[in-house]
Amino acid sequence: MLDEIAQNGDADLIRRTAAGDREAFAAFVAKHGGAIHRFLRTVAGDSAEDALQETFLGAWRWAASFRGESSARTWLFTIARNAARRQQRRRVA
């Protein structure tokens, strides 16, 4: 079932996530999780796992705010970058 959902476009997956569709969100995470994790290992180091969790929690919470002005992947990387920055501030404090 996730394979069928994953074939849908990212914008559709986010729209369905905003409506509370957990399977659509799981497909979105499966599709982008690896790339986001690799990015966060580079920018967040030891805090990558925490930043990854924060990234996808944010994506779930803010799915309704996705306007489609950029790609869903760009939107997700922006959330990830901000999560990494928050993790770095927490480590310094």
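The values are calculated or read from the model by the stated rules, or taken from the named source; none is laboratory data. Quick caveat, the model's predicted, so the values are computed rather than measured. Note that we place each Cβ from the backbone using ideal geometry, even for glycine, and neighbour counts take in every protein chain shown. What goes into the accessible areas is simple: the full protein's heavy atoms, side chains included, and nothing from ligands, DNA or RNA. Shrake-Rupley method; radii C 1.70, N 1.55, O 1.52, S 1.80 Å.
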>> Where the second residue is of a type in the set (Phe, Trp, Tyr) and the first is without any contact (Cβ under 8 Å) to a residue 40 or more places away in the chain and lies in segment 21-47, which pairs have Cβ atoms under 7 Å and are six or more apart or on separate chains?
In response: 25/60; 29/56
> Looking at 17, 55, 74, which one is without any contact (Cβ under 8 Å) to a residue 12 or more places away in the chain and part of a helix (DSSP H, G or I)?
Replying inline: 74
>> Looking only at segment 1-14, how many residues end up being at pLDDT 90 or above and assigned to a helix (DSSP H, G or I)?
In response: 5
>> Within segment 58-71, take every residue that is part of a helix (DSSP H, G or I) and open to solvent by 80 Å² or more (accessible area, probe 1.4 Å) and give me the one that is farthest from residue 10 (Cα to Cα).
In response: 61
> Which ones in segment 77-93 are free of Cβ contacts under 8 Å to residues at least 12 places away in the same chain and either buried (at least 18 other Cβ atoms within 10 Å of the Cβ) or not in a helix (DSSP H, G or I) (or both)?
Replying inline: 93
>> Could you go through segment 29-40 and let me know if any residue there is of a type in the set (Lys, Arg) and surrounded by fewer than 14 Cβ atoms within 10 Å (Cβ to Cβ).
In response: yes
